[in-house]
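A.B. asks: Structure in structure tokens, see below.
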Amino acid sequence: MLFKIASAHEAYVLPDGSFWEGIKEPLNAHVFSSLQNPNNLKVTIIIAVSVWLLLGLNFFFRRSQIGQKTHMFFERFAKFGPHFVRIAIAAALFFSATSNSFLGPELHAGLLPYAQFTRIVLLCISLMIAVGIFTELAALLGIVIYIVGLFVYGPYIFTYFNYLGELIVLLLFGLRSFSADGYLFGPLKRFGSLAKYETVIIRAFYGLALIYAAITVKLLHPELTVSVVNIWHLNQYHWLFPSDPLLITLGAGIVEIVIGLFILVGFQMRLTILISLFYITLSLLFFRELVWPHFLLYGISLSLLVQPEIFAIDNLLFKRKLNNPSPVPAD
């Protein structure tokens, strides 16, 4: 986990030109060559053993009475989870549009077709979601723009899969609590039997976004993260990082993949979310990145932190100890 601070979104730290030049370079996986150094391999093994020890300790904590009570305490706030994500995506889309970008500062909105009109639509989408008016229409428009963005920005846009996941949830289930839609149209009657999958969809898309970003940027374009390490002199912090920038890059990529996988399958969920929140915040402060691109990361993380662990490995591991309630939908 010590590598995580190096997994700052490279596009937010490096100059636009150098970032996109790096992304266009041929794929290579020479980052794994760092393990040919015996000292690097030793450091990697020590960290891996430490992580598994932490997971083991958390497992026994979960099985304890105080662990059960702690996790049940989180779930008392489950009804607020969908609203965390709702507020986060509305704010992120608003600041995205006002800063002439789409989803992230490296994706310039001016490249989209009918750029000025599209920015106005994005602003409208953000306000519609925030107020909860014609939410399904807003989500549909957002999905259309996302699909158009795929042809404009290429597969790199999959690093923002978390946006697509939330837009799909809003399209399917809408907003009927604390929303104008609820006042105007009453409870949502369609897809009621599928509402239990709302958190699973968000979790899956978030996990896939982390995995995709880690593989495509850190592992297959490692020079981008190596540049971040060198520019910020991260390897001078000997108490936190190894001396080899390539090993820092490999570690950051592996950690991000593991976190994404754990979120995707629902394993050690709350521990994983708490650790990722800590390092997201640490990275944000250290690299002095823009705040708004992190809104949705915080919104999804806070939602997953309080939601019951259904359709998750954790639920299989601890179901005899925890009688989890059904997830609380946004409606």
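A.B. asks: Can you list the residues, at least 5 places off or on another chain, whose amide H is less than 5 Å from the amide H of SER101, using H built in the peptide plane?
C.D. replies: Under 5 Å from the amide H of SER101: ALA109.
A.B. asks: Same structure, new question: Could you please put HIS221, HIS30 in sequence from largest to smallest accessible area, using a 1.4 Å probe?
C.D. replies: On the way: HIS221 15, HIS30 70 Å².
Descending order: HIS30, HIS221.
A.B. asks: Here's something else I'd like to know. Output the peptides 159-167, 53-61, 283-291 sorted from most to least packed, where packing is the average of other Cβ atoms within 10 Å over each peptide's residues. Display every interim value, and only then the final one.
C.D. replies: Details: 159-167: 23.8, 53-61: 12.4, 283-291: 14.9.
Ranked by mean Cβ neighbours within 10 Å, highest first: 159-167, 283-291, 53-61.
A.B. asks: Moving on to the next point. Which residue fluctuates the most in the chain, going by a Gaussian network model with Cα springs under 10 Å, if the choices are ARG119, ARG86, ARG190?
C.D. replies: ARG190
A.B. asks: Still on this model: Measure off 7 Å from each Cα along the Cα-to-Cβ vector at VAL144 and SER99, then give the distance between these two points in nanometres to one decimal.
C.D. replies: 2.6
A.B. asks: Please compute the per residue accessible area over the chain with all protein chains in place, 1.4 Å probe, rounded to a whole number of Å².
C.D. replies: Using a 1.4 Å probe on heavy atoms only, each residue of the chain averages 46 Å².
A.B. asks: Over 24 Å between C-alpha atoms is what I'm after, so list which of LYS69/LYS319; LYS189/LYS319; LYS79/LYS218; LYS196/LYS319 land there.
C.D. replies: Details: LYS69/LYS319 14 Å; LYS189/LYS319 30 Å; LYS79/LYS218 36 Å; LYS196/LYS319 17 Å.
LYS189/LYS319; LYS79/LYS218, as the Cα separations exceed 24 Å there.
A.B. asks: Do the sum for the chain: with -39,500 (n - 2.57) for every DSSP H run of n ≥ 4, divided by all residues, what is the mean residue ellipticity at 222 nm, to the nearest 500 deg cm²/dmol?
C.D. replies: Working: 15 runs with 206 residues, N = 331.
It lands at -20000 deg cm²/dmol.
A.B. asks: Quickly work out the THR281-to-LYS189 label distance, labels modelled 7 Å from Cα along the C-beta direction, and quote it in nm with one decimal.
C.D. replies: Inter-label distance under the simple model: 4.5 nm.
The values are calculated or read from the model by the stated rules, or taken from the named source; none is laboratory data. All figures in this text were calculated on a predicted structure; none of them were measured in a lab. No Cβ is skipped: glycine too gets one built from the backbone with ideal geometry, and neighbour counts run over all protein chains shown. The accessibility values were calculated without ligands, DNA or RNA, using every heavy atom of the protein model including side chains. Shrake-Rupley method; radii C 1.70, N 1.55, O 1.52, S 1.80 Å.
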